[in-house]
Structures are given as structure tokens and as C-alpha cells.
1. Could you tell me whether TYR377 is closer than 20 Å to GLY137 by Cβ, open to solvent by 30 Å² or more (accessible area, probe 1.4 Å) and more than 16 Å from the ligand (Cβ to nearest atom)?
2. Suppose we filter region 119-144 for residues that are among the charged types (D, E, K, R) and either part of a helix (DSSP H, G or I) or in contact with a Leu (Cβ under 9 Å, 6 or more places away or on another chain) (or both); how many remain?
3. Can you tell me which residue within region 123-146, out of those that are surrounded by fewer than 22 Cβ atoms within 10 Å (Cβ to Cβ) and in contact with a Gly (Cβ under 8 Å, 6 or more places away or on another chain), is farthest from ALA185 (Cα to Cα)?
4. Looking at LEU98, LEU94, LEU61 in this structure, which one is away from the ligand (no atom under 16 Å from the Cβ) and open to solvent by less than 20 Å² (accessible area, probe 1.4 Å)?
5. Please go through (1) under 26 Å from GLN279 (Cα atoms); (2) in a loop (DSSP other than H, G, I, E, B) for PHE154 and return the number of the only condition it doesn't satisfy.
6. Note down all Cβ pairs under 8 Å where the first residue falls in region 379-403 and is without any contact (Cβ under 8 Å) to a residue 40 or more places away in the chain, the second is assigned to a helix (DSSP H, G or I) and away from the ligand (no atom under 12 Å from the Cβ), and they're at least six residues apart or on different chains.
7. Among the listed residues VAL119, VAL169, VAL175, identify the single one that is of a type in the set (Val, Ile, Thr), touching a residue at least 40 places away in the same chain (Cβ under 8 Å), surrounded by fewer than 19 Cβ atoms within 10 Å (Cβ to Cβ) and more than 21 Å from GLN8 (Cβ to Cβ).
8. Could you check how many residues of region 138-171 are more than 15 Å from VAL291 (Cβ to Cβ), of a type in the set (Phe, Trp, Tyr) and within 16 Å of the ligand (Cβ to nearest atom)?
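The values are calculated or read from the model by the stated rules, or taken from the named source; none is laboratory data. Keep in mind that what you see is a predicted model, and the values were worked out from it rather than measured. Ideal geometry is used to build each Cβ from the backbone, glycine not excepted, and the neighbour counts take in all protein chains shown. Areas reflect the complete protein model, heavy atoms only, side chains present, ligands, DNA and RNA absent. Shrake-Rupley method; radii C 1.70, N 1.55, O 1.52, S 1.80 Å.
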Amino acid sequence: MSNQVQEQTLWGHPKGLYILFFTELWERFSYYGMRAILILYLTAKTTESNAGLGWDKVSALELYGWYTFFVYVLSVPGGLLADRLLGQKKTVMLGGFLLVAGHLILAFDTITAFYSGLVLIVLGVGALKPNISTMVGGLYNKGDVKRDTAFTIFYIGINIGAFAAPILVGYVGEVINWHYGFGLAGIGMTIGQIVYIWGQKYLKEIGNFVPVIKDAHTNKKVKLTTVEKDRMIVLILSFVIVIVFWGAYEQAGGLMNLYARDKIDRVMFGFTVPTSFLQALHAFYVILFGVPVAYFWTRWRKKGKESSSLFKMGIGTIITGLGFLLLARAAIETTVSLDGKASIYWMFGAYLLHVIGELSISPVALSFITKLAPIKYASLMMGTYFMVSGIGNKIAGLVGEAAQNAGEYTIFMGVLIFCVSFGLLLIVFVKKLKKLTHGADDVETKIVMVEAE
Ligand code: GLN
């Protein structure tokens, strides 16, 4: 993709990257802030001074699962809207406005406001999230070594928002008033939208609508080449990994959020850690370990070892699974301890392993998509990626619901065994799958190595 934006650089990257970085940072602040208190708000009693909706856990987990599912499923129409009609830049703008409205409406304490807020957020994330990610890839020419670094930077931005949100929105919502918390998330999104509007001058060359080239004779879409087809196949297969990974990882906002509230001793140094604070832990670890993990994989490849994107994803799934071993250990502790609670340190350890797994999967997958997808399907494939992560979120919700009957120990052990076996299976087939990429994954990594030397 050619562009002139790269001429306006800051710290070696197009200035547009920083606009997308801050817009997405604030969007994620609003998303994760609201999400951190959603299940707590739903299950808080109506008689409490900070009254919630008084739902039982199963219904709350069910709504939570559907919400996080639809938030990402709507990325497919969001991607299509960009590819076919508006272009990514305008679709992100539209999504931003929907999100500002959706989050601010939740500040009102009525059930109509609650449901309309959820619907607007679902539509807004669908329009914004896949397209802003594709725009990051669009800032770089094919084969540009800075693309992978850009995705790591962008991912860290996401997590700065995700880190601050549960602490600030969580504190205001849980300790003061749920609706002030939701309102704060709305203020965050408003800041993001202002940054995006202001930064349009740095985004002139990217995210514009590109009409699909049609065959002059048949007036249909030009067909995919065999190489493009193979790459699409491997992309679609990689989406299965995405489902398994997010299905395990996203227990965090639902089951593990309730687990932390009810069965974890959250007193540390005489201070009770609010449940929602634990929701910030993943993001904190991403900020801390984002660069070291990326560096580890570069070194690994330099040693001549297998480090294709698919291999990294396999290892990531195994490490994530191992996090559940620590949670299973915590579940045993709750049955033997006097107060029925387990140490918070199990949670710290489990989330650490989940994040090391995430860093070998999530930013890797974003970059992988922009390398493999044919340009005319770029936003759609990115949208599909988020949709399948939404399926993972829904599965996480179902697993959480199942835990209410099966018990946490059984569930944690089940997730452990499933993730480890799946990751191992992937590693066995990695060489075969890699052939289908026709080198799209290797080229840039080789150039990265040259630069790193
Ligand atoms: N944590 C990442 C984000 O919020 C990944 C989300 C996803 O792929 N489901 O952007």
C-alpha cells in the first residue's frame, strides 16, 4: 500500500500511528472500564446503597457472554461496511460516535438506558475495532519491517487503556456509584473521539474507500489466485486457535471476576483490593512483557529455531492452559482453608501465564492477518478475526455458566487439559500449515532479523 503519510514520522513511525494508538487507547479504556463493572453491576443487590440489578450469577454470566460475543461479531458487518461502502477511516469515525453515545447513556439509571447503551456499544465496537486495526497495517508498505513493531506498539496502547480502565472506572463504579463509573467510561471515549477528529490530517492517505476492481467482461469480482486461496485457508484455520485461546482467556471478566470476588482473599497489606482491580492485571502484564516477549521470539528465530506465527500461537495456547493449573490449585485451597478462600497470588500467577500466552497469539495474529489477507478482503478478514474472538468470548461465558454446577476445580482442570492438548496438536501440524502461507509469514521476519543485527 503506497502512502505519503510515512513522510510525517515521529520516532521512526508515521504520525498516524500515534493518532490510532491514542484513539484505540481511549476506546479500550471505555470498553474495558464498562466491562469490568458490568457483571458486578448486574449481580449487585437492588437493596444495596450502590444498587445493582439484583440478577443471579447464571443470568448475569449469560448476558455478559452474549454482550462480549456480539461486540466482536458485529466486526464482520463493520469490516464489510468499510470494504464496500465507507472505507475504514469513516467507519471508525461512525463507530466512535456510536460509542460516545452508548457509554454516556449508561450513566442514566433506567433499564431502557441500560439496554440501549449496550446496543450502541455493540454497534460502535463493531464499526471501530476491526477497521482501526486494519488502518495500522495500512500505514506500512508491504514487507516494511516496522509493521510488526507497529502492532506491538498499538497493542501496548490498547493495554494502557485496558489497565487504567478497571482501576478508575472500577473504583468509581464499585465504590461510589455504578452509573458514575459508566459515565467515566463515556468521558474516556469522548477523549478518544476528539483525538481521532483532530488527527484526521495525519490519516489523509489511509483508510479511504477503495472500490473493488471488477472484471471488465463479467462485471464480477476478480477471482482469488491459488496462492491467495491457500493463504485464506490457513487464515481460516488459524481462527480456530483464536477461538480456543479467547475461550480460555476471557474467563477473566466473567467466571474469574466472580471467583475473585467470592473465593479469593483480596486483603493485601491491610488493604482490600477491589475485585475489579484484578481486571487490570492482564493489561499491566502486557505493558510490562509486550516488548520482552516480542524480543524473545526474535532471538529464538535468530538461533534458527521454529518461530512461525502458527508455532507461536501453539506455544501461546499451551502457556495459557498452564495458567489454569494455578487456578485449579487455588480451587483446592478454597476447599481446605478455614475461610473458604484462596490466596490472591494464585490469580497473579495465572494471569501472568495467560498474558505470556496472549502475547504469543494476539498481536501475532493481527499482523499475520494483514500479511496474508488479500487487500480487497483486508477489513473483512480483520472483522472475521474479531468475530471468532467473540465466539471465544461466548464460549468463555458458557464455560463460566457450567462452572456454577460442575464446580470451579473441574472447569479449571478441563480448560487446562484442552488447551495443552490443542496447542500440542497444532505444533505437530505446523510445518504442513506453514506451506500454505507461501512465504507470506517469512519474508518480513527475515527482514526483521537483518534489521536487528
Ligand atoms: N485484548 C485485545 C483488545 O482488546 C484483544 C481483543 C480480541 O481480540 N478479542 O484489543
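1. Criteria met by TYR377.
2. Going through region 119-144 one residue at a time, the tally reaches 1.
3. So, considering only residues that are surrounded by fewer than 22 Cβ atoms within 10 Å (Cβ to Cβ) and in contact with a Gly (Cβ under 8 Å, 6 or more places away or on another chain), the one farthest from ALA185 (Cα to Cα) is LYS146.
4. Unique residue meeting the criteria: LEU61.
5. Evaluating PHE154 over (1) under 26 Å from GLN279 (Cα atoms); (2) in a loop (DSSP other than H, G, I, E, B) leaves (2) as the failure.
6. ALA402/ILE411
7. Testing whether each residue is of a type in the set (Val, Ile, Thr), touching a residue at least 40 places away in the same chain (Cβ under 8 Å), surrounded by fewer than 19 Cβ atoms within 10 Å (Cβ to Cβ) and more than 21 Å from GLN8 (Cβ to Cβ) leaves just VAL175.
8. Qualifying residue count, region 138-171: 1.
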